[in-house]
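Report on the following structure.
Since every read-out is calculated from the coordinates, none of them should be taken as a lab result. These numbers come from a predicted model, not from an experiment. When we count neighbours, we look across all protein chains shown, and the Cβ atoms used for this are built from the backbone with ideal geometry, even at glycine.
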Amino acid sequence: MYTDTHAHLQKELLRGGLEQALERAQAAEVTTIMCIGYDLESSQEAVQLAQRYPQIYAVVGVHPHDAKQLDQNTLDELYKLAREPKVVAIGEIGLDFYRDLSPRDVQRQAFVQQIKLAQELSKPIVIHDRDAHQEVLDTIRREKAGSNGGIMHCYSGHLPLAIDLMKEGFHISFAGPVTFKNARKSHEVAAHIPLDRLLIETDCPYLTPEPLRGKSNEPAYVVHVAEAIARLRRKPVEEIAYLTSRNAAQVYRLNK
Ligand code: NI
């Protein structure tokens, strides 16, 4: 059984029907899905979906793209939301210096404010990092942001950085790009990190894995991410499915 540790199932993003996508996930043995918020509204929707479907859990937070939105009122609302049942982490939060959709200082402030929110609630965090590797690591160290565990989502850095992040308490999650032939850096990291720090995700509807590129992504396709990693590690895919689901249950504390 597989766990998709990072999916966006919100109406705004998911093309096609949610019910059908969940049926295909079930048929593919994807039995646990984390639905990730990116602003207040999508976080509220993630919580509603988690209340409605037993296999869905919610993660609430404001994405660096939307960091401008994070005022005190939004922080208060996130705090309330995060205390609902089945909200398992704060995210996705972080820094995106590739698209720079919010000014960098605003992103930095929102990142730190939400790290502190997670610490207040003793919850793990889900980090989005694009072209900001060193600053994300420095922030994590300074704020002790891994104190309740955390996930580097759609990991795109090199192996030494992954090792530094694991030392800070983080798990490393791979999405569709690890299935791409030319993704040598991702292959190296996925092949070498300890198996107890490895996670898989779709980040749907984005980043569709091979051999389905061109289609809209959905949780059922996380199986292709697992298969790519199984090939790199020379292990049966069932073992990767089992280990990554166990790791997800541990970092998201599903059994507590
Ligand atoms: Ni995402």
Next on the checklist: Condition first: surrounded by fewer than 22 Cβ atoms within 10 Å (Cβ to Cβ) and either acidic (Asp, Glu) or closer than 16 Å to Ala190 by Cα (or both). Now tell me which residues in the range 206-222 satisfy that.
Outcome noted: Glu210
Checklist entry - Looking only at the range 55-82, which residues are assigned to a helix (DSSP H, G or I) and aromatic (Phe, Trp, Tyr)? => result Tyr79
Checklist entry - So is Tyr155 part of a loop (DSSP other than H, G, I, E, B), among the aromatic types (Phe, Trp, Tyr), surrounded by 15 or more Cβ atoms within 10 Å (Cβ to Cβ) and under 18 Å from the mean Cα position of the chain (by Cα) or not? => result yes
Checklist entry - If you check Phe170 against the conditions, is it in contact with a Phe, Trp or Tyr (Cβ under 9 Å, 6 or more places away or on another chain) and either surrounded by 24 or more Cβ atoms within 10 Å (Cβ to Cβ) or of a type in the set (Lys, Arg) (or both)? => result no
Checklist entry - Quick one: what pairs do we get from the range 193-208, first residue more than 15 Å from Glu239 (Cα to Cα), second within 9 Å of the ligand (Cβ to nearest atom) and not in a loop (DSSP other than H, G, I, E, B), C-beta under 6 Å, 6+ apart or different chains? => result Glu201/His6; Thr202/Ala7; Asp203/His6; Cys204/Ala7
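For the range 177-256, give me every one of the helices (runs of 4 or more DSSP H) that falls completely inside it and has 1 or more residues that are among the β-branched types (Val, Ile, Thr) and under 26 Å from Arg15 (Cα atoms).
Numbers: elements: 184-192, 222-233, 237-251.
Once the helices (runs of 4 or more DSSP H) in the range 177-256 are filtered for at least 1 residues that are among the β-branched types (Val, Ile, Thr) and under 26 Å from Arg15 (Cα atoms), what remains is 222-233.
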Checklist outcome for this item: Within the range 178-196, residues in contact with a His (Cβ under 8 Å, 6 or more places away or on another chain) and surrounded by fewer than 19 Cβ atoms within 10 Å (Cβ to Cβ) come out as Lys185, Glu188
Item to check | Selection from the range 7-20 of residues that are in contact (Cβ under 8 Å) with a residue 40 or more places away in the chain and over 19 Å from the mean Cα position of the chain (by Cα) | outcome: Arg15, Gly16
Next on the checklist: Could you go through the range 162-171 and let me know if any residue there is touching a strand residue (DSSP E or B) at 6+ places or on another chain (Cβ under 8 Å), touching a residue at least 60 places away in the same chain (Cβ under 8 Å) and either away from the ligand (no atom under 16 Å from the Cβ) or not in a loop (DSSP other than H, G, I, E, B) (or both).
Outcome noted: yes
Item to check | Extreme residue, nearest to Thr202 (Cα to Cα), among residues of the range 148-161 that are more than 16 Å from the ligand (Cβ to nearest atom) and touching a Pro at 6+ places or on another chain (Cβ under 9 Å) | outcome: Gly149
Item to check | Any hit, the range 83-90, residues being within 15 Å of the ligand (Cβ to nearest atom), farther than 20 Å from Gln250 by Cα and either charged (D, E, K, R) or outside any helix (DSSP H, G or I) (or both) | outcome: no
Item to check | Looking only at the range 36-54, and only at residues there that are without any contact (Cβ under 8 Å) to a residue 60 or more places away in the chain and not in a helix (DSSP H, G or I), the one that is surrounded by the fewest Cβ atoms within 10 Å (Cβ to Cβ) | outcome: Pro54
Item to check | From Ala162, Ala175, Ala226, Ala241, residue being more than 19 Å from Tyr2 (Cβ to Cβ), crowded, with 20+ Cβ neighbours inside 10 Å and within 18 Å of the chain's Cα centre (by Cα) | outcome: Ala162
Item to check | Enumeration of residues in the range 71-126 that are within 15 Å of the chain's Cα centre (by Cα) and more than 17 Å from Ser147 (Cβ to Cβ) | outcome: Val87, Glu92, Leu95, Asp96
Item to check | Subset of the range 21-46 that is of a type in the set (Val, Ile, Thr) and away from the ligand (no atom under 16 Å from the Cβ) - its residue that is nearest to the chain's Cα centre (by Cα) | outcome: Thr32
